[in-house]
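S.K.: My questions will all concern the structure given below.
The values are calculated or read from the model by the stated rules, or taken from the named source; none is laboratory data. Owing to the predicted nature of the structure, the values given are computational and were not obtained by experimental measurement. A quick note on method: Cβ atoms are made from the backbone with ideal geometry, for glycine too, and the neighbour counts reach across all protein chains shown. Areas reflect the complete protein model, heavy atoms only, side chains present, ligands, DNA and RNA absent. Shrake-Rupley method; radii C 1.70, N 1.55, O 1.52, S 1.80 Å.
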Amino acid sequence: MTAQRRRLLISCFVVAGLLLGAGPAAARITQALPGTGVSREAVGTHADAQEMSPASSPRQRDSATPQTSAGGVGSTPVGASRFVPGAPTRAMDTRTGFRTTQGAIGSGQTRVLQVTGFAGVPAGARAVVMNLTATQASAAGYLTVWPAGTARPGVSNLNIQRAGQTIPNAATVQLPASGEVAIYAQHRTHVVIDILGYYQAATNVASGRFRTVWPARLLDTRTGGAAQVPAGGTVEIRVLGRGGVPSAHVGSVVLNVTYTQALAAGFVTAYAAGTPRPGTSNLNVPGAGSTAANFVVAALGANGAVTLYTSAPTHLLVDVGGYYTNDTATPGGDGLFVPVRPARAIDSRACCLPLDPGEQWIRQVSGKAGVPATGAFAVLLNLTGTQAVAPGYLRVFPLTTTGPPPATSTLNLEHAGDTRANLAVAQLGQTTFQGAQTGWLTFQSQRGAHVIADVAGWFTVAGPCTTATTATPSGLPAGSSQVRLIHVRLSGQTRSAAVTAGICAEWPFVQRWFEGQAGGLSPRVKRVGGQPEVTLADLPVTAAQLMSGDDGQNLRDQLTAFGFRDPAEVLVAFVDVDSGYACGATWRSLNLVALYMATCTIYPAASTMEFPYGGTYVVAHETTHALGAAPPCAPHADSGGHVSDSNADIIYNGPSARNWDHLVLDYRHDDYYHAGIAGCPDIASHPAWSP
């Protein structure tokens with residue numbers, strides 16, 4: 001099918017100038033209405049064309065055009081848990097009888113393994129992360145792992161293609177109160193299990209919260225015609241600061257590790273750099289010429305790297321898909337894992353022909369297989385490709401990207417008719433598509449295959465914000481700063497609880513973008529109990545009164561009267577007003593950002609869970625201005641506080657369409673963030689930055 005791409009963009013103007021009002025004149029930087037080539041300013045005005053944030057998707061198999069949707073944010077769900085990494089540890093080996101009865105699991109038989117109380121997994125753990133290996137199988141078949149004491153689900157974790165094969169797959173399995181898992185074998189096979197970590201109950205924590213990155217390749221030893229990693233050789237991969245992973249506050253990473261063009265049988269092991277190699281494996285190489293991938297969760301060494309060891313000569317590829325925070329991160333309730341009983345969400349065999357070569361197949365996961373209709377930003381899937389048309393790969397990624405698919409793969413199919421599985425984590429696309437809201441994934445087959453996806457659990461969006469009806473004390477130490485999120489209600493208006501929830505839900509995604517750009521730092525936001533606080537400010541003025549004259553000074557005066565009197569705080573006010581000139585505006589001297597929601601119909605929605613879609617871009621753009629970008633002394637600064645060197649810059653202002661897929665904070669870091677320009681203000685010195 002021919003690729004089609006749709007994008008809903010709001011063409012806008014950026015205007016800067018001086019405001020003349022009752023108070024001191026304040027420079028204003030704005031995101032303005034489409035088609036308004038002039039400003040209401042009395043002096044110093046000019047305009048430059050710019051596009052606003054996207055709200056659409058790539059080519060879909062079905063033809064409806066996506067659009068952003070609304071929703072709500074609930075409380076931290078039952079079962080929410082944080083990840084605790086552990087040193088890879090062998091937990092069961094039927095070949096030797098280690099922690100089980102010696103001997104293969106018989107055809108149609110089930111073996112039970114006690115997980116808690118071993119390898120550091122405590123009683124009460126919610127789920128376990130393991131590497132599951134079948135070896136010396138008697139015939140083609142499958143293995144299923146699930147919480148012991150419950151009925152066996154109609155899913156599989158690992159597919160065995162032929163007698164005698166050795167094949168692994170990672171699995172994350174919900175744990176019952178007994179702490180046991182059950183392992184079922186369709187046909188007789190030996191089973192080896194290694195424990196990689198576990199999930200522990202949590203609500204508001206710093207460490208163990210998951211964050212996705214756009215899949216990125218960190219290593220490909222084939223590049224440049226290099227030789228394979230030799231037998232017994234290792235390769236160290238720096239992860240921190242690469243592929244969207246921040247340079248700090250990261251404890252462990254999610255990788256997809258692939259071997260290919262192997263010269264002999266062997267195995268591959270991933271472990272934290274600088275630590276002893278464990279006696280476990282992540283991938284098994286069956287012989288020369290083979291290719292396979294496996295999902296890996298690896299702790300990072302002190303140098304921010306992971307080491308791969310291979311016992312056989314082979315090429316190695318490493319893709320990063322996300323990371324877990326460590327205990328230096330800011331506490332929160334987003335990114336917690338909710339394990340579910342394994343359930344099938346997607347099976348193309350039940351409805352369709354195999355995917356065509358290159359086809360992008362869009363399917364909704366939210367509301368299925370234990371994933372809630374709203375409140376999930378990513379899912380953990382066991383992805384299976386089967387009935388392959390030809391050798392190739394499958395990949396899964398969110399629906400709501402405006403660019404090409406990631407240059408990575410999720411699993412490899414080696415030959416026609418092949419069946420392979422691999423665990424995968426995928427961020428959910430958050431759009432309305434064919435009348436259904438949120439939770440869409442794109443599945444793509446390189447050469448054609450059927451696709452099956454079984455859900456093991458999902459990851460939470462931000463928990464409920466604390467709301468306040470008064471301007472609570474800032475609580476800031478001397479010399480510090482923070483962002484205050486404010487949902488304004490003007491006289492004669494009603495306040496939407498869904499928008500309040502959306503303000504809460506959007507900030508973590510803005511925060512993650514900043515963290516990825518600033519080495520784990522982001523602007524500090526006022527929190528209560530670890531959650532962002534949204535102040536519900538009722539102001540005794542009408543929209544007409546607010547917008548009469550100097551709207552920035554008027555809004556600042558009203559918020560000061562309401563109780564926001566700490567001049568160190570950056571006030572980010574969401575106002576239900578059509579300004580007539582801008583989607584958002586920043587007054588640096590007032591430490592004020594106004595987001596005029598009605599101007600561009602950008603109302604924060606709890607289901608708009610992907611940066612830079614919907615209002616998230618506007619919030620990040622204006623907050624960057626509030627931190628001081630871009631000073632007039634910056635080499636590429638225009639006269640309106642923007643830059644002109646790259647359309648990927650978050651505050652770019654120029655004739656080219658914005659590069660929505662790769663928005664960065666100060667392109668090349670030569671204008672306003674760690675630019676190193678003597679005597680030129682740098683936003684890196686703003687006191688609001690915080691881990």
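S.K.: Can you tell me how much longer the chain between Thr469 and Phe98 gets when fully stretched, taken as 0.36 nm per residue apart minus their C-alpha distance, in nm with one decimal? Write down the numbers at each step before the final one.
M.R.: Values: separation 371, 0.36 × 371 = 133.56 nm, distance 5.99 nm.
Computed gain between Thr469 and Phe98 is 127.6 nm.
S.K.: Something else about it: Share of antiparallel DSSP beta bridges in the chain, in percent to the nearest 5?
M.R.: 85
S.K.: When you count, for each residue, the other Cβ atoms within 10 Å and take the mean per peptide, how do 365-374, 595-604 rank with the highest first?
M.R.: Ranked by mean Cβ neighbours within 10 Å, highest first: 595-604, 365-374.
S.K.: Within the range 403-426, whose backbone N sits under 11 Å from a point 7 Å along Cα→Cβ of Asp356?
M.R.: In the range 403-426, the label zone of Asp356 (backbone N under 11 Å from the point 7 Å along Cα→Cβ) covers no residue.
S.K.: Under a 1.4 angstrom probe, counting protein chains only, how are Phe611, Phe337 ranked by accessible area, largest first?
M.R.: These residues rank, largest area first, as Phe611, Phe337.
S.K.: Would you mind working out the accessible area per residue for the chain, using a 1.4 Å probe, and quoting it in Å²?
M.R.: For the chain, the per-residue accessible area is 33 Å².
S.K.: From the Cα gyration tensor of the range 205-284, with a ≥ b ≥ c the square roots of its eigenvalues, which class applies: rounded if a/c is under 1.5, or else prolate if a/b is larger than b/c, or else oblate? Could you put the intermediate results ahead of the total?
M.R.: Numbers: a/c = 2.25, a/b = 1.56, b/c = 1.44.
Here the range 205-284 falls in the prolate category.
S.K.: Rounded if a/c is under 1.5, else prolate if a/b is larger than b/c, else oblate: which is the range 270-399, with a ≥ b ≥ c the root eigenvalues of its Cα gyration tensor? Write down the numbers at each step before the final one.
M.R.: Working: a/c = 2.44, a/b = 1.15, b/c = 2.13.
Here the range 270-399 falls in the oblate category.
S.K.: Follow-up. Could you sort Cys504, Cys352 by accessible area so the largest value comes first, with the probe set to 1.4 Å?
M.R.: Largest accessible area first, the list is Cys352, Cys504.
S.K.: Also, quick follow-up: Quick one, which of (1) 18, 50, 26, 6, 0; (2) 17, 45, 31, 6, 0; (3) 16, 50, 30, 5, 0 is the actual P(r) over Cα pairs in 20 Å bins from 0, in percent calculated for this model?
M.R.: (1)
S.K.: Quick one: length gained pulling Ala226 to Ala678 fully straight, 0.36 nm per residue minus the C-alpha distance?
M.R.: Numbers: separation 452, 0.36 × 452 = 162.72 nm, distance 4.28 nm.
Taking 0.36 nm per residue and subtracting the Cα distance, the gain is 158.4 nm.
S.K.: While we're on this one: Could you tell me which residue out of Gly225, Leu175, Gly208 lies farthest along the dipole of the range 149-230 toward its positive end? Charges go on the beta carbon: Lys and Arg +1, Asp and Glu -1, centred on the Cα centre.
M.R.: Gly225
S.K.: If a/c stays under 1.5 just call it rounded; otherwise compare a/b with b/c (prolate if a/b is bigger, oblate if not). Do that for the range 450-528, with a ≥ b ≥ c from the square roots of the Cα gyration tensor eigenvalues.
M.R.: It comes out oblate by the Cα gyration axes.
S.K.: Compute the length gained on full extension between Gln109 and Gln387: take 0.36 nm times their separation in residues and subtract their Cα-Cα distance, giving the result in nm to one decimal.
M.R.: 97.4 nm
S.K.: Quick check: with the 1.4 Å probe, what order do His669, His625, His662 take by accessible area, largest first?
M.R.: Listed by decreasing accessible area, they come as His662, His669, His625.
S.K.: Using modelled amide H (1.01 Å from N, peptide plane; none on Pro or chain starts), what sits under 5 Å from the amide H of Gly233, excluding residues fewer than 5 places away?
M.R.: For Gly233, the qualifying residues are Thr310.
S.K.: Could you report the accessible area of Cys583 in Å², rounded to 10, computed with a 1.4 Å probe on the protein chains as they sit in the structure?
M.R.: 10
S.K.: Probe radius 1.4 Å, ligands and nucleic acids ignored: give me the carbon and sulfur share of the accessible area of the chain as a rounded percent.
M.R.: 53
S.K.: Taking R0 as 22 Å, what FRET efficiency do you get between Ala163 and Ala343 from their Cβ-Cβ distance, rounded to the nearest 0.05?
M.R.: 0.15
S.K.: With r as the distance between the Cβ atoms of Arg277 and Leu536 and R0 = 56 Å, compute the FRET efficiency 1/(1 + (r/R0)^6) and round to 0.05.
M.R.: That pair, Leu536 with Arg277, gives E of 0.50.
S.K.: Right, next: With every protein chain left in place and a probe of 1.4 Å, what is the accessible surface of Asp327, to the nearest 10 Å²?
M.R.: Its accessible surface works out to 120 Å², give or take rounding.
S.K.: Would you mind computing, in nm to one decimal, how far apart the modelled labels at Ala373 and Arg668 are, each placed 7 Å from Cα along Cα→Cβ?
M.R.: Inter-label distance under the simple model: 5.0 nm.
S.K.: Testing the spin-label approximation: label points 7 Å from Cα along Cα→Cβ at Ala265 and Ala478. State their distance in nm.
M.R.: 7.2
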